[in-house]
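Here the structure is laid out as structure tokens; the discussion comes afterwards.
The values are calculated or read from the model by the stated rules, or taken from the named source; none is laboratory data. Note that this is a predicted model, so its numbers are computed, not measured. Neighbour counts run over all protein chains shown; Cβ positions are idealised from the backbone, glycine included. Side chains included, ligands, DNA and RNA excluded: accessible areas come from the protein's heavy atoms. Shrake-Rupley method; radii C 1.70, N 1.55, O 1.52, S 1.80 Å.
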Amino acid sequence: MVVNRFSAHVANIKARISGSGKLAAALCLGVILAFLSTPVLSRTVLDLDADAQPVALADWGDYWIDPQGQQGVEQIASNPGLPWQATLPRGIYPLKPGQALWIRFTVPPAPDSERWLLEIPYPALDRASLYTLDKAGQWQEQRSGDLTAINRWQTPHRHPLLVVKFNAEEPTHYILRIENAQGFSAPLRFVNSGHVLRGEQQVSLFLGVYFGLSLLGVAIGLAGLAWLRDRAYLYYAACSALVGLTQAAVTGVAGLHLWPQSPAWADRSLVLLAVWMLVSLLLLNATVVSLAQRSRFLNGMVWAMALAGAVLSVLLAVTDSALRFKLLVPYMVLVPLLLLVVNLWAWRRGDRFGGWLLLSAAPFAVSLALAVARYLQWVPLSFATEHGVLASMALQMPAMLAVLVLRSQHRRENMRRIQGLDRVDPSTGLINESVFAERLARMIARSERLKHQGAVLMIDLVNTEQIQRDFGRKAAQDLPLRVAERLLSTARDIDSAARLSEHRFSMLVEGPFSAEDAATLGPRIVARCLMPFKGLPVECVAQVRVAYALVPRQGPTAEVVLARLAQTLAGVSPQSKRAVFMLPDYKAPAP
């Protein structure tokens, strides 16, 4: 350990004192006491153990806050009357805009080959300057932070990394100056190059997965927009892109790789991207629950909040750092509240996706609350406060995508139903009269070409009034639906069933058929309809009359066949007990 080397160095001094005379001893002790009385020194010497990384500064250093933020390092080093205090273990310092935080610490003697770094895991830090004296007695500065272009840092990284140099013979004293308009609540810790490399490998895995999900969301959103023409997918693509960019800004990846030469944009990018992300998320959520069609008031609130985000973006772009977060924090509170209110309202109004959206938005709201608490310096900087919002978005965005997919599927089904209303009976799902006539014409033509017979059946439901008298109106209304179900269960895949009117149905049965086979179709349908329905009294059954014909023998065209079948059923007496009627062979009218 480095501290062991320092102990050995002290022992060596003692040996020299005992070997030289009293004069040498006095001179050596005088130099040491004078050196230790210098105001630059901290109270203790750090114990840098490579096996205990990262080594936190904890209370090994001293700090003082310059209330005006005007003093330089020479003034700090030469002023013995400054009220230094022990550095805070939690790292929450009462730093205000315009002030400067000064921290002094001492590292023990060590070989020059050892490379240690002071790590400040705060990518959004405005400025950090580390000072030390060179051999000529001049203060040397290392500067990093958002206000300095990253490509000008001595060690470009996602967050400030400041090189700590050692002296092989004596301790080295450092002074750190920190400026940050949003206060300072980050840990200060010491690591070597190997530890930084291992940590970056772990972080790269997490960030790679996150950015991959963001790019996938953008691709899916654009594909959905092009294919389905759904505006919600446009919002989803924008939200995915902004979530990825915001994560890049929060972690420092954007400043390191995307805009390393733009300190002004690096200083503003985080707050601007965060506002745009919140606006896109709010519009996406409102579109998914169809808020514009369901609540003009809530939809107006959403668009008012989006317009407020646009105005806020302009203000954030032109104001200084001290004012930006004061403007941003109320917006960060109002947007998740409105998001929860919209989802709760949709869920209470029976929206099939409102509950899932409310559940997915809850972690996002909690993580935003933690981020606001960190800004107010109620809690120190940590993974939860720094990455909690975007980690919760990594859960919310797949949930939103799943809801979008289900929503699109339901919309396509509804569109198919609407488009099929001119061909399908909406209450039973059977084809209507016009489609049935088309299919009948094609079957007649096909039967003539193949030299065989097909069957056409017309079915009348005749006991609806009796069912209403005996079992009520609801049973009478449901009776045609139950008859349609029985017809579908009787029909084969190649056959067709249709509803021609409120109480009249029809079926096409593909041939080839003989007259004997056709004669069994009518009784089979009558018997199937006379079977009791589940959940209803045994007496509540459907009584039907069936007229059937073989085509083309008993009708050359669809119009002729349907007219003859309708005429046959119309001529049956209401008191008749007969249920099945067959058309006679067709005779063409005399010219």
### Summary
For the range 429-443, pairs from a residue that is assigned to a loop (DSSP other than H, G, I, E, B) to a residue that is hydrophobic (A, V, I, L, M, F, W, C), with Cβ under 6 Å and 6 or more apart or across chains, are 430/484; 430/497; 430/498
### Task
Considering only the range 453-484, state which residues are closer than 29 Å to residue 514 by Cβ and outside any loop (DSSP other than H, G, I, E, B).
454, 455, 456, 457, 458, 459, 460, 461, 483, 484
#### Entry: Residues being in contact with a helix residue (DSSP H, G or I) (Cβ under 9 Å, 6 or more places away or on another chain) and surrounded by 20 or more Cβ atoms within 10 Å (Cβ to Cβ) - total across the range 130-156
5
### Task
Could you tell me which residue of the range 189-233 is least open to solvent (accessible area, probe 1.4 Å), considering only residues that are β-branched (Val, Ile, Thr) and out of contact with any helix residue (DSSP H, G or I) (no Cβ under 6 Å at 6 or more places or on another chain)?
191
### Message
If a residue must be within 18 Å of the chain's Cα centre (by Cα) and more than 11 Å from residue 396 (Cβ to Cβ), how many such residues does the range 345-357 contain?
### Response
3
## Note on the structure
Residue hits (the range 95-120; within 29 Å of residue 249 (Cα to Cα), open to solvent by less than 20 Å² (accessible area, probe 1.4 Å) and assigned to a loop (DSSP other than H, G, I, E, B)) are 95, 120
### Task
May I ask you to list the residues in the range 53-83 that are open to solvent by less than 40 Å² (accessible area, probe 1.4 Å), in contact (Cβ under 8 Å) with a residue 24 or more places away in the chain and part of a loop (DSSP other than H, G, I, E, B)?
53, 57, 58, 61, 69, 82
### Message
For the range 537-591: of the residues being among the basic types (Lys, Arg) and in contact (Cβ under 8 Å) with a residue 40 or more places away in the chain, which is surrounded by the fewest Cβ atoms within 10 Å (Cβ to Cβ)?
### Response
553
#### Entry: Matching residues in the range 84-94 - criterion: being assigned to a loop (DSSP other than H, G, I, E, B) and at pLDDT 90 or above
84, 87
### Task
Could you check, for the range 337-353, whether at least one of its residues is in contact with a Pro (Cβ under 9 Å, 6 or more places away or on another chain) and not in a helix (DSSP H, G or I)?
no
#### Entry: Residue match in the range 370-381 (condition: within 20 Å of residue 206 (Cα to Cα) and either under 17 Å from the mean Cα position of the chain (by Cα) or outside any helix (DSSP H, G or I) (or both))
yes
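Name the single residue, out of those in the range 452-470 being over 17 Å from residue 547 (Cα atoms) and not charged (D, E, K, R), that is least open to solvent (accessible area, probe 1.4 Å).
So in the range 452-470, the residues over 17 Å from residue 547 (Cα atoms) come out as 452, 464-470.
Filter again for not charged (D, E, K, R), leaving 452, 464, 466-468.
Numbers: 452: 38, 464: 18, 466: 73, 467: 2, 468: 94 Å².
Among residues in the range 452-470 that are over 17 Å from residue 547 (Cα atoms) and not charged (D, E, K, R), the one least open to solvent (accessible area, probe 1.4 Å) is 467.
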### Task
Kindly indicate the residue of the range 250-275 that is among the small types (Gly, Ala, Ser) and assigned to a loop (DSSP other than H, G, I, E, B) and also nearest to residue 382 (Cα to Cα) among those meeting that condition.
252
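Look through 90, 127 and report the one residue that is at negative phi and open to solvent by less than 60 Å² (accessible area, probe 1.4 Å). Talk me through it step by step, then tell me what you get.
Values: 90 fails: open to solvent by less than 60 Å² (accessible area, probe 1.4 Å).
Exactly one of 90, 127 is at negative phi and open to solvent by less than 60 Å² (accessible area, probe 1.4 Å), namely 127.
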### Query
If we keep just the residues of the range 285-308 that are over 25 Å from residue 367 (Cβ atoms) and either in contact with a Cys (Cβ under 8 Å, 6 or more places away or on another chain) or outside any helix (DSSP H, G or I) (or both), which is least open to solvent (accessible area, probe 1.4 Å)?
295
#### Entry: Neighbours by Cβ (under 9 Å, 6+ apart or cross-chain): first from the range 369-397, closer than 16 Å to residue 244 by Cβ and acidic (Asp, Glu); second modelled with pLDDT of 70 or more and part of a helix (DSSP H, G or I)
none
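Any idea which of 560, 546 is touching a helix residue (DSSP H, G or I) at 6+ places or on another chain (Cβ under 6 Å), of a type outside the set (Gly, Ala, Ser) and not in a loop (DSSP other than H, G, I, E, B)? If you could, list the steps in order and put the result at the bottom.
Numbers: 560 fails: touching a helix residue (DSSP H, G or I) at 6+ places or on another chain (Cβ under 6 Å).
After applying the criteria, what remains is 546.
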### Query
Do we have any residue at all in the range 344-360 that's closer than 28 Å to residue 264 by Cα and not hydroxyl-bearing (Ser, Thr, Tyr)?
no
### Task
Could you tell me whether the range 276-284 includes any residue that is open to solvent by 40 Å² or more (accessible area, probe 1.4 Å) and modelled with pLDDT of 90 or more?
yes
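May I ask you to verify whether residue 341 is at pLDDT 85 or above, open to solvent by 20 Å² or more (accessible area, probe 1.4 Å) and of a type in the set (A, V, I, L, M, F, W, C)? Spell out the reasoning first.
Working: at pLDDT 85 or above: yes; open to solvent by 20 Å² or more (accessible area, probe 1.4 Å): yes; of a type in the set (A, V, I, L, M, F, W, C): yes.
For residue 341, the condition - at pLDDT 85 or above, open to solvent by 20 Å² or more (accessible area, probe 1.4 Å) and of a type in the set (A, V, I, L, M, F, W, C) - is met.
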### Query
Restricting the range 504-535 to residues that are in a loop (DSSP other than H, G, I, E, B) and open to solvent by 60 Å² or more (accessible area, probe 1.4 Å), which is nearest to residue 451 (Cα to Cα)?
512
